[in-house]
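Throughout, read-outs are computed from the coordinates displayed, never taken from laboratory work. Note that the structure is predicted; figures quoted are calculated from it, not measured. As a convention, Cβ positions derive from the backbone with ideal geometry for all residues, glycine included, and neighbour counts pool all protein chains shown.
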Amino acid sequence: MTDFTPHTPLEPGDREAQAAPRVSGPGRVLVVVYAILALSATARSLVQIATRFDRAPLAYSLSAVAAVVYIVATVALARHHRPGWHRVAVITIGFELAGVLIVGALTTWEPTLFLSNTGDGRVESTVWSGFGMGYGFVPLVLPVLGLWWLARHRPGRADAGASRGDTDAAGGRAAGTER
């Protein structure tokens, strides 16, 4: 690949990337929030694993899993309009929601699974502990919003109104919704 200058012609793959729609509005906010959580969860898990992994390997490993999930979700949301990335986003965010619900339930109703190995009776938390309580419940709400947004912004839809329910039972445009 050559260095780009304003007069360098685009390579065939570059035209496709340039023509791809950009995430904007609420989608952009979603990507930013996921990126913040990705940074936060990654920093948290790296510190936990580097300094005290032997205390609570399960809790700290789950924090690392959450970090990877947030990183993949951020990239997939930012590229959801490209082939394959929408599916990656749905799968990743679905996994995130399941993780938040399962870990949240376990830390709420069976906290002994997350006891510190130090013998002091301390329960070690993860990003998803208590349904994301340590993060203002953002980890609980975010995947619901993410899945909703992805459902409303499927790539390759010729009729964006169809995701709003503007079609009749036969799949045609509903009366009064012509463009």
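Structural remarks
- Between the range 53-111 and the range 122-148, the Cα center-to-center distance that results, in Å: 10 Å
- Packing-based ranking of 80-86, 34-40 yields 34-40, 80-86, ordered from highest to lowest mean Cβ neighbour count within 10 Å.
- Shown is the FRET efficiency for Val123 and Arg87, computed with R0 = 25 Å from the Cβ-Cβ distance and rounded to the nearest 0.05: 0.10.
- Site pair Val29 and Thr112 shows an inter-label distance of 4.4 nm when each label is modelled 7 Å from Cα along Cα→Cβ.
- Inter-label distance for Arg152 and Leu46, nm, one decimal - labels placed 7 Å from Cα along Cα-to-Cβ: 3.4 nm
- Net +/- balance of residues flanking Leu147 in space, Cβ distance below 13 Å, scoring K and R +1, D and E -1: +2
- Estimated inter-spin distance, Phe95 and Phe53, nm [label 7 Å along Cα→Cβ]: 2.0 nm
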